[in-house]
1. Name the residues in the stretch 7-32 that are part of a strand (DSSP E or B) and open to solvent by 10 Å² or more (accessible area, probe 1.4 Å), would you?
2. Which of the residues belonging to the stretch 60-118 are more than 17 Å from the chain's Cα centre (by Cα), among the small types (G, A, S) and part of a loop (DSSP other than H, G, I, E, B)?
3. What is the residue count in the stretch 295-329 for residues that are open to solvent by less than 20 Å² (accessible area, probe 1.4 Å), of a type in the set (V, I, T) and closer than 25 Å to I103 by Cβ?
4. Among the listed residues A286, A257, A292, identify the single one that is hydrophobic (A, V, I, L, M, F, W, C), in a loop (DSSP other than H, G, I, E, B) and surrounded by 15 or more Cβ atoms within 10 Å (Cβ to Cβ).
5. Does V246 satisfy the condition of being within 27 Å of N156 (Cα to Cα) and either out of contact with any His (no Cβ under 8 Å at 6 or more places or on another chain) or surrounded by fewer than 21 Cβ atoms within 10 Å (Cβ to Cβ) (or both)?
6. Pick from the stretch 55-77 the residues that are of a type in the set (A, V, I, L, M, F, W, C) and free of Cβ contacts under 8 Å to residues at least 40 places away in the same chain: which of them is surrounded by the fewest Cβ atoms within 10 Å (Cβ to Cβ)?
7. Please verify whether E220 is more than 27 Å from I83 (Cα to Cα) and not basic (K, R), treating the condition exactly as stated.
8. L173 versus (1) within 13 Å of T110 (Cβ to Cβ); (2) buried (at least 21 other Cβ atoms within 10 Å of the Cβ): which is the lone unmet condition?
Amino acid sequence: MATKAKVVITDYVWDSLDVERRILGGLAELVPMKTKTPQEFIAEASGCDALLNTYAGPITAEVMAKMPKCRIIARYGIGVDTIDLEAATRAGIIVTNNPTYCIEEVAEQTMALLLCAARKIAFYDRLVRGARWELPPGKPIFRLAGQTLGLVGFGNIARQVAVRAAAFGMRVLYTDPFVKDGQFDVPGTRRDLSELLKESDFVSLHPPLTPQTRKMIGDEALGKMKPTAFLINCARGPVIDTEALVRALDAKKIAGAALDTVDPEPLPDPHPLRGRENVIITPHAAWYSEQAMAGLQAGAPGEVRRVLSGEWPVNVVNRDVKGNNRAGL
């Protein structure tokens, strides 16, 4: 009888592993863990054939060198900034992600934050909870129709935001080095980043976290925004230079911010972003719905099953690994 493959789950945020057992039970022995760093999981993962990963990291070249049999690292989420992709390719390890499980959810959260910022919903809610029933403290509020939304990054999620924003009568701009003007049949006009920042009443961030996008929204970028503009982030916290954002808010260079992701995360208490009436913060919850959770949990083990069965996976991030990988695919 063939020996089952060893699949280590570094960490997970759901109550049951029934989905993983259903998908991989016939092929693999699952070793579930709840860790935060490689130091905590590497002893168990050193003999693994596959690694299922949520947040625990970073997974560096040094970590990979200690997993000589690992054929695939499958991330449950979208971002792979915690995995050294070049090192994985050199080691012959396939890296996959799950790019479509929460497109609608993050687009909805982006619009929810935009609307809350525009209509000052959270501010008024706090006001009423404090036994005050007054309109003037929230002034000024501007009509959303006719205002400009600038999307930094124009991937799957941002394009869904564009459709929703256009339905509210907003003008949509975008900047993305990998997307040509008119490439997609969705609302949006291409601008360079500088022009977009200057023209937009709301700037919503949607790029992946890379060395090029880390802290791309810093003092210079924030200084180009309108003093009446709001910054929205449902992408990755480090896309914004947090200290620069605090300076911009203190100097009233922008009107406010609505953030589902922050840097650092979780945001310490106390922190200069906390307690501001013009800042909305949610706890990296944009991805979540019951439907998204089901898609999230099934995606990564499905990719591991493909590799263990001798099939090329669907959502490979380091595509150069094809033809020179430990799985022989």
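The values are calculated or read from the model by the stated rules, or taken from the named source; none is laboratory data. All of these numbers come straight from a predicted model, not from anything done at the bench. Methodologically, a virtual Cβ is constructed for each residue, glycine included, from the backbone with ideal geometry; neighbour enumeration extends over all protein chains shown. Accessible surface is based on the protein model in full, side chains and every heavy atom, while ligands, DNA and RNA are left aside. Shrake-Rupley method; radii C 1.70, N 1.55, O 1.52, S 1.80 Å.
1. Within the stretch 7-32, the subset part of a strand (DSSP E or B) is 7-9, 28-32.
The answer is E29, L30, V31, P32.
2. G92
3. So the count comes out to 3.
4. Working: A257 fails: in a loop (DSSP other than H, G, I, E, B); A292 fails: in a loop (DSSP other than H, G, I, E, B).
Of A286, A257, A292, the one residue that is hydrophobic (A, V, I, L, M, F, W, C), in a loop (DSSP other than H, G, I, E, B) and surrounded by 15 or more Cβ atoms within 10 Å (Cβ to Cβ) is A286.
5. Values: within 27 Å of N156 (Cα to Cα): no; either out of contact with any His (no Cβ under 8 Å at 6 or more places or on another chain) or surrounded by fewer than 21 Cβ atoms within 10 Å (Cβ to Cβ) (or both): yes.
Considered against the rule, which asks whether it is within 27 Å of N156 (Cα to Cα) and either out of contact with any His (no Cβ under 8 Å at 6 or more places or on another chain) or surrounded by fewer than 21 Cβ atoms within 10 Å (Cβ to Cβ) (or both), V246 comes out as no.
6. Taking the stretch 55-77 first, the residues of a type in the set (A, V, I, L, M, F, W, C) are 56, 59, 61, 63-65, 67, 70, 72-74.
Add one more test, that the residue is free of Cβ contacts under 8 Å to residues at least 40 places away in the same chain, and what stays is 59, 61, 63-65, 67, 73.
Numbers: I59: 28, A61: 12, V63: 23, M64: 22, A65: 10, M67: 24, I73: 31.
So, considering only residues that are of a type in the set (A, V, I, L, M, F, W, C) and free of Cβ contacts under 8 Å to residues at least 40 places away in the same chain, the one surrounded by the fewest Cβ atoms within 10 Å (Cβ to Cβ) is A65.
7. Numbers: more than 27 Å from I83 (Cα to Cα): yes; not basic (K, R): yes.
So E220 passes the test.
8. Of (1) within 13 Å of T110 (Cβ to Cβ); (2) buried (at least 21 other Cβ atoms within 10 Å of the Cβ), only one is false for L173: (1).
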